[in-house]
Structure formats: structure tokens, C-alpha cells
Amino acid sequence: MKHVIDPEGRRLPIKLDTTSNGEFAPVPLSPANRAGNRLAHEATTDNAKRLDISRREFLVSACGAATTLLAFNAANAAVGKRGGFFELEPEAALEPQLAQARVGGKGEFIFDVQGHFVDPTGAWVKTAPADAFKWSPKAACGLASKPGAGSHLNCLGPEEFVKDVFLDSDTDMMVLSFVPSRRDSEPLTIQAADAVRRIVDRMEGTHRLLIHGRVNPNQPGDLESMDELKERWKVSAWKTYTQWGVDGKGFFLSDDVGTRFIEKARALGVKVICVHKGLPFGKQSYEHSQCSDIGVVAKRFPDVSFLIYHSGFVTGVPERAYTGRGASDGIDTLIRSLVENGVNPNSNVYAELGSTWRFLMRDPTSAAHALGKLIKYCGENNVLWGTDSIWYGSPQDQIQAFRTFQIAPELRTMYGYPEITATRRAKIFGLNATRVYAISADEVKKHTRADSVARDRHAYLEHPEPHYLTYGPKTRREFLNLLGWNGGSRA
């Protein structure tokens, strides 16, 4: 087969790069990350020759993904990063059936509770500079050749979103979420989100795509708009950013602003609140990005489900176990808040992995601590799969890496972390979220096996052409450019 995309096979299927989701400055790769990428490229060349196929053909195969993960293991082990690892036999690099069994999964129900896309025709385009998002490698796709300024944004639009999420990955369902913004400058409006939902809503009696209602309760008009979001747009949950405000000042869910928001959600009967935590938009918003308020409101409102986006993660988190009252940052502030307020594991607080897992793939020991703590303190029924895609392109590489990740026995013994079994993995991939969103995985699977998306996927997989590109900023300059045209709304 002749490949049109990356015919020389220069792009690895599992991506370790500096891409950010636009909510934190890109973090340089470590020497171990760079060594892992180099080893993966070298092994790819050797293994493709041994199987007598092209590099690109090898890279789009399960063996290509297995080879890449094994190279990361070798690079991490060389610098003592042994707290977590990708559990693969070396033979998987050359044996297609074995590789498929390891990275291809066993029919899990994959429900991604944090997805994004850019509306290329929205009103926000009028005030954005002509080169907005043009630095994204994905913005150079074939759709960028269409006439008119800003045509490159079509590469980030709904059709590409559907391909990345539902054709180039094993994702079954996704929740389309929102970024914080003023009401007159939203890169994604509820109307555009609903249009995308209709694109993939081709089943009988269920949906592949759910949508949030964006609520910034410290912004005039947002609380009042919740009625319409529920009645007209049938939102499945609310999305809020406690570190955001039109005046640059955030809020806590436990203060008057947050309480009014929670009470309104309860009154409307949509009692699922997704709150962005752990990625501050600058020094001014750092306080409100922490999770000290979560345990307070979870205890006060036991009938409300609180989904903590990014799990309270902060970039650059060191490898460590939870240490109790001294914990003052990131994931540990979530755990501390739960413990101090008597919120037991598997209660009404859920830790979501969007951007968290993707970043921690770079450091297996930190990944082991983070996942171990979340499963131990939030509960194995309360850790949710999310990828923050499309900022990271197709989520397939995150899926393949998580399918094989394991916490080292030494850390499990020392800190009481659980083994990541097939059952726990399946729960995190999707079964846990079905409880939150009151859906049946079996019922969804019954419809999705034969819907048009499934048929398209089946035909596409005969000759797949994944691009293996990411969308978000990769350098500090690109990050600041994104903040600048977005009116500083994230700073």
C-alpha cells in the first residue's frame, strides 16, 4: 500500500513531545524522553527491515506501537525510572498477533469524558488574527488549501475531529467540553458543539457524543443561561473553571458564587459538575486552581457528582507518595481535601485524567505515583478516562500506552498502590463514567457496533492513514501567541 501521509515513516505512533493543551506552558522533554524517541526510531528501522515492510507500514501496525513503548521502557530504565513501565514482551515488537493482543485491547468500552475541537466558522474567528492556530502542524492538512483567510482552521474542525477520535482511535463515546471564555468570544459555542454532536449522532436511541454546558458563575449571565442549556441543548453536565474570571479573579465552589452554581444545578436536575483544576492560568489564578474546596462541597452536597478535570494535576509534579498535611500542590491537594473532609473512596468525587496521563506518559515513576494515589484515595470506581483531545491529536497513543502501563511491584508493596489489572483498566477506560452519566455500556455497544461510524471505521481500518500529529502549542512562543489572541482569558 502506498501511504500519502508521512510516507517515509518519520512520525512515531506514541508521541512524547512538548505539546500543551494551551492551559500550561510547554515543558521541555527530559534526556530520557529524547533518548526514548531516538531508540524508537532506530528500532523501527531495524524491525521494519526484519519484517520486509516500509517504515510507515510498520509504524501504523500494532508492532510499531509495541516497538515504541519498549524503547521508552529501555530509555527510562537506563536512568533509573523503574516505578512504572509498559508491560510488553520483547517479542511483541515483531509478532503482529502478540502486539495486537497487548496494544489493541480486548474490546473495552472507551468513554472519553474530555474532548475539544475548534469551530472554524465561529464568530470568534472575526477577532482572531489570520494566523491563529497556524503554528499547529495539523493546520497544514489538505483542507487548508480551500480559498479564504483562515482556511487552515478547517483542519481543526468537526470532520477532522470525527476522524481523529472515532476512526483513528478506539474511542466509543466522548464528552465535548469547553474552554473558559467571555460570552462574546467563544472558540466553541454550544450551537457548534450541538452541530458536531449531530454529525456523529447516527445511531438508534443513543449518542456517541455528549455535550457540556459551560458555566462561569462569576460571569454575568451564565447562571441565568443554565435553564436554556438544559432545556434546549440537553447538556449532560456542567463545565466550570474556578481559576477563571472576567476580571482575572477566580472563585471556589465552596464560596457564595460556587454554592449558587451548585444549587442551580441541583434545582435543574443535572447534578454532574466538571470542574477544571490543577492547571493555573498564571500566578493570579494559582490559588483557585487547587482542590481545597472539593472535599468541602462533596461532603455538603452528597447528591452531586464532582468530576475533577486533570485530577488537580500540576505540570512538573515530582515523583512522590501522598504525605498527609504537608501536601500542598496538585493531585495531593485533592487527596488532602477528601481525607480531611471524610469523603471516602468511591463516593461522589471523580478524578479525570485529561492531559494528566498524557503528560505523565513521559515519566513512568511519576505516572505510577499519580495513578496509584488516585485509585487508592478516590477509588477504583472513581477514576475516569479523558484525553483532552483534539489538542493532542488522535487519543489512540494515550489509549495504547494506558493499555500496557503497570505500577512496579515495589511501589505497590511500599505504598499500598493497586495493581492495574484488566478489570481496573476497563473501569477507568469507560465503565466508571457510565455511572456518572447514567448510560449503559452494553446498550451503547449494541448500537455502535452497526452504526455508520462503526461502518466507516471498519472500512477505514483496511487502509488506515493516521497523521500522528498534535494540535496544541509546543513552544513558549506558540503558547503566548495562543494566550494573546484569546484575549488573555486564560491568564
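The values are calculated or read from the model by the stated rules, or taken from the named source; none is laboratory data. Predicted, not measured: the structure shown is a model, and the values here were computed from it. Please note: Cβ atoms are built from the backbone with ideal geometry, for glycine as well, and neighbour counts cover all protein chains shown. Heads up: the accessible areas ignore ligands, DNA and RNA and are worked out on the full protein's heavy atoms, side chains in. Shrake-Rupley method; radii C 1.70, N 1.55, O 1.52, S 1.80 Å.
Values as computed for the structure displayed
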{"quantity": "Residue check for residue 316: within 28 Å of residue 77 (Cβ to Cβ), modelled with pLDDT under 95, under 18 Å from the mean Cα position of the chain (by Cα) and surrounded by fewer than 24 Cβ atoms within 10 Å (Cβ to Cβ)", "calculated": "yes"}
{"quantity": "Selection from the range 137-171 of residues that are in contact with a Ser or Thr (Cβ under 8 Å, 6 or more places away or on another chain), at pLDDT below 75 and charged (D, E, K, R)", "calculated": "138"}
{"quantity": "Tally of residues being touching an Asp or Glu at 6+ places or on another chain (Cβ under 8 Å) and either surrounded by 24 or more Cβ atoms within 10 Å (Cβ to Cβ) or without any contact (Cβ under 8 Å) to a residue 40 or more places away in the chain (or both) across the range 410-422", "calculated": "0"}
{"quantity": "So residue 456, is it within 30 Å of residue 269 (Cβ to Cβ) and surrounded by fewer than 21 Cβ atoms within 10 Å (Cβ to Cβ)", "calculated": "no"}
{"quantity": "Qualifying residue in the range 301-323 (condition: over 22 Å from residue 253 (Cβ atoms), part of a loop (DSSP other than H, G, I, E, B) and without any contact (Cβ under 8 Å) to a residue 24 or more places away in the chain)", "calculated": "yes"}
{"quantity": "Selection count, the range 264-276, where residues are more than 17 Å from residue 294 (Cβ to Cβ) and of a type outside the set (Lys, Arg)", "calculated": "4"}
{"quantity": "Residue check, residue 257 β-branched (Val, Ile, Thr), open to solvent by 10 Å² or more (accessible area, probe 1.4 Å) and either in a loop (DSSP other than H, G, I, E, B) or touching a Phe, Trp or Tyr at 6+ places or on another chain (Cβ under 6 Å) (or both)", "calculated": "yes"}
{"quantity": "Residues of the range 369-393 that turn out to be in contact with an Asp or Glu (Cβ under 8 Å, 6 or more places away or on another chain), at pLDDT 95 or above and of a type in the set (Gly, Ala, Ser), as a count", "calculated": "1"}
{"quantity": "From the options 277, 271, residue that is free of Cβ contacts under 8 Å to residues at least 60 places away in the same chain, in contact with a strand residue (DSSP E or B) (Cβ under 8 Å, 6 or more places away or on another chain) and over 17 Å from residue 356 (Cβ atoms)", "calculated": "271"}
{"quantity": "Residue in the range 18-34 that is in contact with a Leu (Cβ under 6 Å, 6 or more places away or on another chain), touching a residue at least 12 places away in the same chain (Cβ under 8 Å) and among the small types (Gly, Ala, Ser) present", "calculated": "yes"}
{"quantity": "The range 214-254 - residue that is open to solvent by less than 20 Å² (accessible area, probe 1.4 Å) and hydroxyl-bearing (Ser, Thr, Tyr) and, of those, farthest from residue 280 (Cα to Cα)", "calculated": "240"}
{"quantity": "Those residues of the range 22-81 which are part of a loop (DSSP other than H, G, I, E, B), open to solvent by 50 Å² or more (accessible area, probe 1.4 Å) and within 27 Å of residue 279 (Cβ to Cβ), in sequence order", "calculated": "28, 79, 81"}
{"quantity": "Filter pass, residue 272 being closer than 22 Å to residue 227 by Cα, open to solvent by less than 40 Å² (accessible area, probe 1.4 Å), at pLDDT 95 or above and touching a Pro at 6+ places or on another chain (Cβ under 9 Å)", "calculated": "no"}
{"quantity": "Filter pass, residue 404 being within 21 Å of residue 76 (Cα to Cα) and not hydrophobic (A, V, I, L, M, F, W, C)", "calculated": "yes"}
{"quantity": "Flag if residue 333 is of a type outside the set (Gly, Ala, Ser), modelled with pLDDT under 95 and open to solvent by less than 40 Å² (accessible area, probe 1.4 Å)", "calculated": "yes"}
{"quantity": "Residues of the range 19-52 that turn out to be at pLDDT 95 or above and β-branched (Val, Ile, Thr), as a count", "calculated": "2"}
{"quantity": "Breaking point among (1) open to solvent by 70 Å² or more (accessible area, probe 1.4 Å); (2) within 22 Å of residue 156 (Cα to Cα), for residue 466", "calculated": "(1)"}
